[in-house]
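Accompanying notes for the structure given below.
The values are calculated or read from the model by the stated rules, or taken from the named source; none is laboratory data. Please read all numbers here as calculations on a predicted model, not as lab measurements. In this analysis, Cβ positions are derived from the backbone assuming ideal geometry, glycine residues included, and neighbour counts consider all displayed protein chains. Only protein heavy atoms, including side chains, enter the accessible area calculation; ligands, DNA and RNA are left aside. Shrake-Rupley method; radii C 1.70, N 1.55, O 1.52, S 1.80 Å.
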Amino acid sequence: IIGAIQAACLTAGVWVVHSERPIAIVFSDGSFYSMTQDDYTQAGADLPDLSSFPGNSPKWISVRLPEDYAEQAAVRESAMQRGAPLRALQELYQPFSPEHIDPRYDGLPTQQLQRRDAQSPFLEAFLKANGGELADYLFLPFGTRYSLALLAFRKSDAALLFLPVPGGLTPVSSGVTE
């Protein structure tokens, strides 16, 4: 009986780990999101076939909206009516490239990062480990199921670096705040 219970628990554990593993890191509307099988299911979307995308799993993907604002508004309205976040719109997927990051619109304001850093320092250690100054990086939200962290985009070589934030960041409707 104990062996059967242990086998059932092992099977359940393997299933949970499999369904919660990141399948894709999706860049959408200036933020990165870790997408799991459950995220696609909750969005009412089928699990995407990402085999044509380069690299190992998780695949790095961008959601590319139409350039025309009227077409873009139609896509957003359709997604909202379906209750699907933009990051789950597989028909708009393309391989991620650092050129998809637009420093004019994407990234968190330096003042916001410095306010958060004053409460719980993390920027000094990051800059010490990676070099440079704050102006050398563009900081982008990285959404996971339970919190937000940051990815730092180094402007000189387009490298993306993970930036752990003590206590994480909390999402709000207008963006990201402390």
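Restricting the search to segment 103-138, which residues are free of Cβ contacts under 8 Å to residues at least 12 places away in the same chain and open to solvent by less than 40 Å² (accessible area, probe 1.4 Å)?
117, 123, 127, 131
Please list, ordered by first then second residue, the pairs with beta carbon atoms under 6 Å, 6 or more apart or interchain, first in segment 139-157 and more than 14 Å from residue 110 (Cα to Cα) and open to solvent by 60 Å² or more (accessible area, probe 1.4 Å), second of a type in the set (Lys, Arg) and at pLDDT below 80.
Sorted first by the residue in segment 139-157, then by its partner, the list stays empty.
Go through segment 75-107 and give me each residue that's among the hydroxyl-bearing types (Ser, Thr, Tyr) and touching a Pro at 6+ places or on another chain (Cβ under 9 Å).
93
Return a yes/no flag: does segment 41-53 have any residue that is in contact with a strand residue (DSSP E or B) (Cβ under 6 Å, 6 or more places away or on another chain) and either within 21 Å of residue 142 (Cβ to Cβ) or free of Cβ contacts under 8 Å to residues at least 60 places away in the same chain (or both).
Yes; the residues of segment 41-53 include at least one that is in contact with a strand residue (DSSP E or B) (Cβ under 6 Å, 6 or more places away or on another chain) and either within 21 Å of residue 142 (Cβ to Cβ) or free of Cβ contacts under 8 Å to residues at least 60 places away in the same chain (or both).
How many residues does segment 15-46 contain that are open to solvent by 90 Å² or more (accessible area, probe 1.4 Å) and aliphatic (A, V, I, L, M)?
Counting residues in segment 15-46 that are open to solvent by 90 Å² or more (accessible area, probe 1.4 Å) and aliphatic (A, V, I, L, M) gives 1.
What tally of residues in segment 87-98 results from selecting those that are surrounded by 14 or more Cβ atoms within 10 Å (Cβ to Cβ) and assigned to a loop (DSSP other than H, G, I, E, B)?
2
With respect to residue 104, determine if the residue is closer than 20 Å to residue 30 by Cα, in a loop (DSSP other than H, G, I, E, B) and not hydrophobic (A, V, I, L, M, F, W, C).
Yes.
Being buried (at least 17 other Cβ atoms within 10 Å of the Cβ), free of Cβ contacts under 8 Å to residues at least 24 places away in the same chain, out of contact with any Phe, Trp or Tyr (no Cβ under 9 Å at 6 or more places or on another chain) and outside any loop (DSSP other than H, G, I, E, B), is that true of even one residue in segment 78-86?
Yes: one or more hits.
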